[in-house]
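Visitor: Sharing a structure here in structure tokens format.
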Amino acid sequence: MFGYVVINKPELKFKEFDVYKSFYCGLCYSLRSRYGFVGQFTLSYDMTFLVMLLTSLYEPKVAHSEHKCIRHPLKAQPMSSSIYSDYVADMNILLSYYKAMDDWNDDRSVLKLAFAKLLKTKHPDDGFDYNKKAEVISSLLTELGTREKENETNIDVMAGLFGRIMSVLFVPKDDQWAASLSRIGFFLGKFIYILDAYDDLEEDIKKNHYNPFKSICNEQGFDDRIKGMLQMMMAECSKEFEYLPILENAEVLRNILYAGVWTVYYKNLKERRGEDVASDNIIKEND
């Protein structure tokens, strides 16, 4: 994934960070158990947020265990997992597979095709509607790729397509919370797409790659315009989150929505301006 939906570590209590990390390790274990080592390559903090969100909302049984892994071969790591750890693992593989296939169709990258074939593994039937989700994700990624080839400059269209993909992932079942979860996924997805395009802008210009901001990046007030877009997306996302009756892990989830998602943005903004960057609040994969 992208690595934008993370915690702001200094603002978390030690216990809260331990809980967050245990769900991260739990997701890693689910990916390894269901898809082998290739599954672990798709692990991300973005999806850890979804595991915690769904687990905290639906309050299923949470299994607590300790396991060693390649990254921690000597000391067993605390892990927390639920049925939604497995659901998110499956959704992560589903998205990674279709993204790899989309890259293969666009660039004819043999590595992407090989990765996609490795990901194409049958998963257990946990009662979730995978087939419908697969069709929607595949269709939206295809449309996203087509729009990129057409050099679409309407950021609302492009971010909206990725937002729709994320909205599908955020809804495990059709119930009273589906609408709010869908909207959280939609606006968070738009935030991710906008921030990713903004983050990649300089490199995309150098390499002559597609980026929806190329035509406006030299306009006065461009940075402020992007910040305004991002603030709008997170305001809608956070509003929907507050409608949900979540008590368990609520402060960790709020940390992510109100502070964590901005850590990469401000880090990159300082780098653009040539300012010193404090990295204490940027969580890394080996933390």
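Visitor: Return the residues of region 1-42 that are closer than 19 Å to residue 81 by Cβ, among the aliphatic types (A, V, I, L, M) and in a helix (DSSP H, G or I); say none if nothing qualifies.
Guide: 19, 27, 31
Visitor: Specify which of the listed residues (182, 215) is surrounded by 17 or more Cβ atoms within 10 Å (Cβ to Cβ) and either in contact with a strand residue (DSSP E or B) (Cβ under 6 Å, 6 or more places away or on another chain) or of a type in the set (Ser, Thr, Tyr) (or both). Talk me through it step by step, then tell me what you get.
Guide: On the way: 215 fails: surrounded by 17 or more Cβ atoms within 10 Å (Cβ to Cβ).
After ruling out the rest, the residue left standing is 182.
Visitor: Now, a different point. Could you give every pair whose Cβ atoms fall below 8 Å, whose first residue belongs to region 136-156 and is touching a residue at least 60 places away in the same chain (Cβ under 8 Å), and whose second residue is polar (S, T, N, Q) and loosely packed, with under 12 Cβ neighbours inside 10 Å, counting only separations of at least 6 or pairs across chains?
Guide: So the pair list comes out as 153/215.
Visitor: Identify the residue in region 19-62 that is in contact with a Gly (Cβ under 9 Å, 6 or more places away or on another chain), of a type outside the set (S, T, N, Q) and farther than 20 Å from residue 253 by Cβ and, among all such residues, is surrounded by the fewest Cβ atoms within 10 Å (Cβ to Cβ).
Guide: Of everything passing the filter in region 19-62, 32 is surrounded by the fewest Cβ atoms within 10 Å (Cβ to Cβ).
Visitor: What residue, among those in region 18-35 that are touching a residue at least 60 places away in the same chain (Cβ under 8 Å) and not basic (Lys, Arg), is nearest to residue 257 (Cα to Cα)? Please lay out each step first, then the result.
Guide: Initial filter on region 18-35 (touching a residue at least 60 places away in the same chain (Cβ under 8 Å)): 18-21, 23, 27, 31, 34-35.
Imposing the further condition that a residue be not basic (Lys, Arg) reduces the set to 18-20, 23, 27, 31, 35.
Details: 18: 18, 19: 17, 20: 14, 23: 17, 27: 20, 31: 24, 35: 29 Å.
Checked region 18-35; the qualifying residue nearest to residue 257 (Cα to Cα) is 20.
Conditions (1) of a type in the set (Asp, Glu); (2) closer than 23 Å to residue 44 by Cα; (3) modelled with pLDDT of 95 or more; (4) buried (at least 19 other Cβ atoms within 10 Å of the Cβ), marked per residue:
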residue: 244; (1), (2), (3), (4): no, no, yes, no
residue: 259; (1), (2), (3), (4): no, yes, yes, no
residue: 263; (1), (2), (3), (4): no, yes, no, yes
residue: 266; (1), (2), (3), (4): no, yes, no, no
residue: 269; (1), (2), (3), (4): no, yes, no, no
residue: 272; (1), (2), (3), (4): no, no, no, no
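The values are calculated or read from the model by the stated rules, or taken from the named source; none is laboratory data. Quantities reported herein were computed from a predicted structural model and do not represent experimental measurements. Every residue, glycine among them, receives a Cβ derived from its backbone with ideal geometry; neighbour counts consider all protein chains shown.
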